[in-house]
Each structure stands twice: as structure tokens, then as C-alpha cells.
Amino acid sequence: MNNLHASERRNDRAIAFLRIAVGGLFLIFAQYKVFGTQFTLHGGFQMWINRFLEDGAYPFMVPVLRGFVLRFATPIAFLAAYGELAIGISLVLGIWVRVASAFGVIYMMMLLFSSNYPGAHAPVWQYFGASLDHSVLALCFVAFVIGQSDAMWAVRKK
């Protein structure tokens with residue numbers, strides 16, 4: 001029984017470490033967007049969307065990016081910036097991890113379908129290869145949703 005408890009603690013530490021590391025990445029992604037104005041107010045977000053449209057959006061995402069995302073670029077840029085900040089804080093502190101992770105999965109899938117299209121005639125494996133930028137983080141978020149990544153190293157009410 002003692003070995004089982006030690007193994008559970010080791011797994012708790014591993015998933016907590018991964019949760020905090022992913023949260024740290026999101027804080028890094030968010031900081032320049034939140035504390036600067038280039039991304040949100042001076043065309044940085046639009047530049048990325050236009051790059052996605054030129055070079056990597058799945059065909060079903062093209063009308064969404066052109067007709068909706070670019071139309072409401074500034075509010076969506078702020079949503080992306082502060083969403084990344086909220087996800088990062090949540091994961092680092094271990095607060096509302098499942099909720100933040102559910103939004104993280106949605107966000108990663110939106111980014112994947114907006115930017116990782118390998119082409120209409122690409123072999124199946126290239127779809128997976130092209131998606132690594134976002135699919136790995138999406139899988140981490142899924143693990144945080146179904147696991148208990150806040151069992152260790154998390155802020156708790158007492």
C-alpha cells in the first residue's frame with residue numbers, strides 16, 4: 001500500500017509540474033500582448049490572422065477568419081491576450097484548472113484549424129505533424145480536465 005501512495009504522489013507531482021509549466025508558457029505568451037499595445041491596438045493580431053489566411057488556415061476556417069475575426073479584430077485580440085493571461089494564472093496557481101483547461105482546449109483547436117493546414121493533398125501523417133504547435137498543448141489541457149492536476153502545488157481555501 002505504501003508503494004501505491006508513493007506512486008500516486010509522484011504522479012501528482014508530475015502533472016502539477018506540467019500544469020505549472022504550461023501555465024508559465026501562457027504567461028509568457030500573454031505578457032507582451034497585455035503589457036504592450038502592438039498586438040491588441042496596432043495591427044499585430046490582424047497581421048497574424050492575415051498570415052494564417054495566406055499560409056495555413058483550414059478551408060472551413062477561412063470565411064470565419066475573414067468575415068468575423070478580422071471584422072472584430074480589436075475585441076478578439078483583447079480576448080486572446082487576456083484569455084491567455086487568465087489561463088496562465090489559473091494553471092500556475094492551480095485555481096479553476098478544469099475551466100481554464102476547457103477554454104485552453106477550445107483555444108488550441110481554434111488556433112490549430114486557423115494556422116496548421118498542411119494542404120488538401122497532404123498525407124494523413126502531415127496533418128498530425130503540422131498540428132504539433134497546438135495539438136500537444138491541447139492534449140495537456142485535456143489531461144488537466146480529466147485528471148486532478150490541482151491535487152498538489154495549488155492555492156487552496158483553508
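Please verify whether Ile95 is hydrophobic (A, V, I, L, M, F, W, C) and either in a loop (DSSP other than H, G, I, E, B) or in contact with a Cys (Cβ under 8 Å, 6 or more places away or on another chain) (or both), treating the condition exactly as stated.
Working: hydrophobic (A, V, I, L, M, F, W, C): yes; either in a loop (DSSP other than H, G, I, E, B) or in contact with a Cys (Cβ under 8 Å, 6 or more places away or on another chain) (or both): yes.
Taking the combined requirement at face value, the residue satisfies it.
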- Item | Ala57, sole failed condition from (1) under 24 Å from Ala130 (Cβ atoms); (2) touching a Leu at 6+ places or on another chain (Cβ under 7 Å); (3) assigned to a helix (DSSP H, G or I) | (3)
- Gln126 versus (1) of a type in the set (S, T, N, Q); (2) in contact (Cβ under 8 Å) with a residue 12 or more places away in the chain; (3) farther than 28 Å from Phe35 by Cα: which is the lone unmet condition? (2)
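Of these, Arg51, Arg13, Arg71, which one is among the basic types (Lys, Arg), over 20 Å from Ile106 (Cα atoms), outside any helix (DSSP H, G or I) and more than 16 Å from the chain's Cα centre (by Cα)? Before the answer, list the steps.
Working: Arg51 fails: outside any helix (DSSP H, G or I); Arg13 fails: outside any helix (DSSP H, G or I).
Within the list Arg51, Arg13, Arg71, the selection yields Arg71.
Using the structure shown, decide if Leu70 is in contact with a Leu (Cβ under 6 Å, 6 or more places away or on another chain) and surrounded by fewer than 18 Cβ atoms within 10 Å (Cβ to Cβ). It would help to see each step written out before you state the result.
Details: in contact with a Leu (Cβ under 6 Å, 6 or more places away or on another chain): no; surrounded by fewer than 18 Cβ atoms within 10 Å (Cβ to Cβ): yes.
Judged against the criteria, Leu70 is not a match.
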- Query: Any idea how many residues of the stretch 104-121 are at pLDDT 95 or above and surrounded by fewer than 17 Cβ atoms within 10 Å (Cβ to Cβ)?
  - Reply: 3
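Taking the stretch 24-48, which residues are among the small types (Gly, Ala, Ser) and assigned to a helix (DSSP H, G or I)?
Hits for the stretch 24-48 are Gly24, Ala30, Gly44.
So which residues in the stretch 113-158 are in a helix (DSSP H, G or I) and closer than 16 Å to Ile87 by Cβ?
Of all residues in the stretch 113-158, those in a helix (DSSP H, G or I) come to 113-115, 124-130, 132-146.
Correct list: His134, Val136, Leu137, Ala138, Leu139, Cys140, Phe141, Val142, Ala143, Phe144, Val145.
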- First in the stretch 56-68 and farther than 17 Å from Phe45 by Cβ, second anywhere and assigned to a loop (DSSP other than H, G, I, E, B), Cβ under 6 Å, 6 or more apart: Tyr58/Tyr117
- Looking across the stretch 12-43 at residues that are in contact (Cβ under 8 Å) with a residue 60 or more places away in the chain, buried (at least 16 other Cβ atoms within 10 Å of the Cβ) and of a type in the set (D, E, K, R), the single one that is farthest from Leu91 (Cα to Cα) is Asp12
- Query: Is it the case that some residue within the stretch 64-87 is in contact with a Lys or Arg (Cβ under 8 Å, 6 or more places away or on another chain) and acidic (Asp, Glu)?
  - Reply: yes
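The values are calculated or read from the model by the stated rules, or taken from the named source; none is laboratory data. As the structure is a prediction and not an experimental result, all values here were calculated from the model. Don't worry about glycine lacking a Cβ; one is built from the backbone with ideal geometry, like all the others, and counts go over all protein chains shown.
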